[in-house]
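Participant: I have a structure here, written as structure tokens, and I will follow up with some questions on it.
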Amino acid sequence: IDNELAWWGRGALDTGLFDYALAKPATHAIKPVMVDFLKTQAKNDVTTFNRCWRTQIATFDALKNVMKLPSESEEQKQIKLAFLKLVANRYFEVTTRAIRAADPNHLVLGSRFAGTLGAHPAVWETAGKYCDIVTFNIYPMADLDDGQVYLSLGKKRERVIDHVQKFYDTVKRPMLITEWSFPALDSGLPCLHGAGQRFQTQAERTEATSLFA
């Protein structure tokens, strides 16, 4: 459907998209959607809204000029997460329906998440609800000495196979890795840009690739 959409909105996985949308100007198309969403969350009661967000608005119409709300309480975070779920459900519902209407004989291959940590688990779950296969890009790290591939090579190493299993348990759909790389520095090209763990030789690169496969 797409590639590496910013489901985090340039912030935290659970609250970032809400914050990014709210920061749009009053004339932006998303603002009336957010006003309606926040009204519903507050059960159309301004007093309830002000208590939750520690604001002093007089009417919900004033929300179109509000550019920022806190993420201090659990209630606030849950409301922002609910907005993310709303957007994810609308996105995957509309796009998959359109694709299947035009091309019913092919699989819908998700939207290529930007790594396993590129979207909140709620978005992964929604993708599994609508897509035939959930796709994601990932750049793991291979340890050639112990013959394992990890999410990273830090102190708290997690094997990629164990890490990805958690997301499979969430989406309950086939998953497809659609982007990964192990560049080698002896290729005769710079190989200095882009993602992927660098190796000195093609032999090391091949070994890392075999481990990952």
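Participant: Whether any residue in the range 29-36 is farther than 30 Å from I177 by Cα and assigned to a loop (DSSP other than H, G, I, E, B) is what I want to check.
Facilitator: Going residue by residue through the range 29-36, those that are farther than 30 Å from I177 by Cα are 29-36.
Keeping just the survivors that are assigned to a loop (DSSP other than H, G, I, E, B) gives 29.
Yes, that holds for at least one residue.
Participant: Continuing with the same structure: Looking at the range 45-60, can you tell me whether even one residue there is modelled with pLDDT under 95 and among the acidic types (D, E)?
Facilitator: no
Participant: The conditions are (1) within 21 Å of L151 (Cβ to Cβ); (2) surrounded by fewer than 17 Cβ atoms within 10 Å (Cβ to Cβ), and T201 fails exactly one of them. Which is it?
Facilitator: Of everything listed in (1) within 21 Å of L151 (Cβ to Cβ); (2) surrounded by fewer than 17 Cβ atoms within 10 Å (Cβ to Cβ), T201 misses just condition (1).
Participant: Which condition does E204 not pass, out of (1) under 22 Å from T96 (Cα atoms); (2) touching a residue at least 60 places away in the same chain (Cβ under 8 Å), if it passes all the others?
Facilitator: (1)
Participant: State the number of residues belonging to the range 6-28 that are part of a loop (DSSP other than H, G, I, E, B) and surrounded by fewer than 18 Cβ atoms within 10 Å (Cβ to Cβ).
Facilitator: Counting residues in the range 6-28 that are part of a loop (DSSP other than H, G, I, E, B) and surrounded by fewer than 18 Cβ atoms within 10 Å (Cβ to Cβ) gives 10.
Participant: In the range 79-98, what residues are surrounded by fewer than 18 Cβ atoms within 10 Å (Cβ to Cβ) and either touching a residue at least 24 places away in the same chain (Cβ under 8 Å) or polar (S, T, N, Q) (or both)?
Facilitator: A82, K85, L86, N89, E93, T95
Participant: Is the range 166-177 home to any residue that is over 30 Å from K85 (Cα atoms) and of a type outside the set (D, E)?
Facilitator: No, the range 166-177 contains no residue that is over 30 Å from K85 (Cα atoms) and of a type outside the set (D, E).
Participant: For the range 1-53, name all the residues that are on the phi > 0 side of the Ramachandran plot, under 25 Å from the mean Cα position of the chain (by Cα) and free of Cβ contacts under 8 Å to residues at least 40 places away in the same chain.
Facilitator: Selection gives G9, R10.
Participant: Of the conditions (1) in contact with a His (Cβ under 9 Å, 6 or more places away or on another chain); (2) more than 16 Å from F167 (Cα to Cα), T116 satisfies every one except a single condition; which number is it?
Facilitator: (2)
Participant: Further, regarding this structure: Within the range 107-121, is there a residue that is of a type in the set (S, T, Y), surrounded by 12 or more Cβ atoms within 10 Å (Cβ to Cβ) and over 22 Å from the mean Cα position of the chain (by Cα)?
Facilitator: No, the range 107-121 contains no residue that is of a type in the set (S, T, Y), surrounded by 12 or more Cβ atoms within 10 Å (Cβ to Cβ) and over 22 Å from the mean Cα position of the chain (by Cα).
Participant: Does the range 130-166 hold any residues that are more than 25 Å from A184 (Cα to Cα) and in contact with a helix residue (DSSP H, G or I) (Cβ under 6 Å, 6 or more places away or on another chain), and which are they?
Facilitator: Passing the criteria: Y130, V134.
Participant: With respect to L117, determine if the residue is modelled with pLDDT under 95 and assigned to a loop (DSSP other than H, G, I, E, B).
Facilitator: Judged against the criteria, L117 is a match.
Participant: Can you list residue pairs whose Cβ atoms sit under 9 Å apart, with the first residue in the range 177-193 being among the β-branched types (V, I, T) and the second being assigned to a strand (DSSP E or B) and surrounded by 16 or more Cβ atoms within 10 Å (Cβ to Cβ)? Count only pairs 6 or more apart in sequence or on different chains.
Facilitator: Within 9 Å, the pairs are I177/T135; I177/F136; I177/N137; T178/T135; T178/F136; T178/N137.
Participant: Filter the range 126-136 for residues that are under 13 Å from Y91 (Cα atoms) and open to solvent by 30 Å² or more (accessible area, probe 1.4 Å) and give the result.
Facilitator: Residues satisfying the conditions are K129, Y130.
Participant: A follow-up question, please. Residues in the range 144-167 that are open to solvent by less than 40 Å² (accessible area, probe 1.4 Å) and in contact (Cβ under 8 Å) with a residue 24 or more places away in the chain: how many?
Facilitator: 6
Participant: Can I ask one more? Can we say T178 is surrounded by 12 or more Cβ atoms within 10 Å (Cβ to Cβ) and under 19 Å from S111 (Cα atoms)?
Facilitator: yes
The values are calculated or read from the model by the stated rules, or taken from the named source; none is laboratory data. As the structure is a prediction and not an experimental result, all values here were calculated from the model. When we count neighbours, we look across all protein chains shown, and the Cβ atoms used for this are built from the backbone with ideal geometry, even at glycine. All accessible areas refer to the heavy atoms of the entire protein, side chains included, with ligands and DNA or RNA removed. Shrake-Rupley method; radii C 1.70, N 1.55, O 1.52, S 1.80 Å.
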